[in-house]
1. Any residue that is closer than 16 Å to F251 by Cβ and β-branched (V, I, T) - is there at least one of those in region 52-59?
2. Going by the structure shown, is V142 of a type outside the set (K, R) and either more than 14 Å from the chain's Cα centre (by Cα) or assigned to a helix (DSSP H, G or I) (or both)?
3. Go through region 232-256 and report how many residues are surrounded by fewer than 14 Cβ atoms within 10 Å (Cβ to Cβ) and either assigned to a helix (DSSP H, G or I) or modelled with pLDDT of 95 or more (or both).
4. Collect the residues in region 204-226 that are surrounded by 17 or more Cβ atoms within 10 Å (Cβ to Cβ), at pLDDT below 90 and more than 25 Å from L14 (Cα to Cα), keeping them in residue-number order.
5. Any idea which of (1) more than 22 Å from L179 (Cβ to Cβ); (2) of a type outside the set (V, I, T); (3) over 17 Å from the mean Cα position of the chain (by Cα); (4) not in a loop (DSSP other than H, G, I, E, B) is the one M264 doesn't satisfy?
6. How many residues does region 178-221 contain that are more than 20 Å from L105 (Cα to Cα), polar (S, T, N, Q) and touching a helix residue (DSSP H, G or I) at 6+ places or on another chain (Cβ under 9 Å)?
7. A229: out of contact with any Leu (no Cβ under 9 Å at 6 or more places or on another chain), at negative phi and not in a loop (DSSP other than H, G, I, E, B), yes or no?
8. Enumerate the pairs (first residue in region 9-31 and outside the structural domain of K219 (by TED's automatic domain parsing); second residue anywhere and in a helix (DSSP H, G or I) and of a type in the set (G, A, S)) with beta-carbon separation below 7 Å, excluding pairs fewer than 6 apart on the same chain, so at least 6 apart or on different chains.
Amino acid sequence: MKAFLLAHPAGHSLSPLLHRAAFEYAGLEGEYTALDVPPENLKAALEGLKFPDILGCNLSLPHKETALSYLDSVSSEAQIIGAVNTVVHRHGKLHGLNTDASGFLAALEEEGYRAGGIAVVLGAGGAARAAVYALVKAGVEVWLYNRTLERALSLQSELAPQGRTFVKQSGIPWRAVNLLVNSSSAGLNQPDESPLEGALLEDFPRLAPGALVYDMVYKPLQTRLVRDARAQGLKAQSGLGMLVHQARLAFLEWTGREVPAAVMLEGLVGKVG
C-alpha cells in the first residue's frame, strides 16, 4: 500500500518519517512519498491516486484549498473550513478530509492550553482556516491579523463572525490575548523571519500572563517567533505537535489503525534539531 504528500515544494517535509514509523508500528507494508507537484499538475496528480494499492495522500501548500474542486466528495468539516489536507482513496473515488483542525487542538492541549479568552491568528490561508474553525468551535474569540485585508475579512465572515480583523500595524489588545498562533509561512526555512513587524513586534511582549505562542512552522523548530516569545518569558512551541497529530489522524483514516503520537514522533529522532 502507498500514500503520498502532494506539495510545492515538498523537499522540506518530515511527513514521510512520521508515516514510515506508523506503518512499522501497525505491522503494515507501506510506503509514503513526498512529491513536488506544481499547482498546474495537481488535478492530474490526484487522478493518479486512483489505483487499488494507493491509500490516498496528504496535501500541503499550496494545494489545500484548490483540491476541493477536484475531489469526488468532501467532509462537511473540510467544506466549512474550505481546505483539505487529507485525501482518502476508496474504490476509485477520492474523499477529502481536514485533520489539521483536530490535530491543531490536540497539539495545543498537549501544551496545557485550555480553550477560552482571545486568540490572535496570524495569516489567512488554509492552515489559518483550520485553526480558526477549531478555536471558534471550542468557544474561543478569534481575532485575525493578515497583510491582505480582503482575505482576512472573507475568513472572518465565514468562520469567525464574532472576532475582529486587523491588517498592517493596527491595534490588538495584547494584554487580553492568551493564545497567539502563526499560521503563515513566515519563518519557514528562514529562522530570522518573523510574522510580526513594526509596532506589532514592539507590543508582542504584552501578551496575557501564561499565554501560549504557537508557531505552526516546524522547520526550523526555533523560529524567530518562538525565540522572541521565550526571550520574553512566554511559553512558545513550534508546529511539530500539530504535524504529528494531523498525521496520526490521517493514518487512521487510511488504514483504520490507531498509532500513538509518540510513536510517530519517535520517527523524527535525530532528524530535527
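The values are calculated or read from the model by the stated rules, or taken from the named source; none is laboratory data. Because the structure is predicted, anything quoted here is derived from the model rather than measured. Cβ placement follows ideal geometry from the backbone for every residue including glycine, while neighbour counts extend to all protein chains displayed.
1. There is at least one residue in region 52-59 that is closer than 16 Å to F251 by Cβ and β-branched (V, I, T).
2. Yes.
3. 1
4. F204 - this is the single residue of region 204-226 that is surrounded by 17 or more Cβ atoms within 10 Å (Cβ to Cβ), at pLDDT below 90 and more than 25 Å from L14 (Cα to Cα).
5. Unmet for M264, out of (1) more than 22 Å from L179 (Cβ to Cβ); (2) of a type outside the set (V, I, T); (3) over 17 Å from the mean Cα position of the chain (by Cα); (4) not in a loop (DSSP other than H, G, I, E, B): (3).
6. Matching residues across region 178-221 total 2.
7. No.
8. Qualifying pairs under 7 Å: S15/A247; L18/A247; H19/A247.
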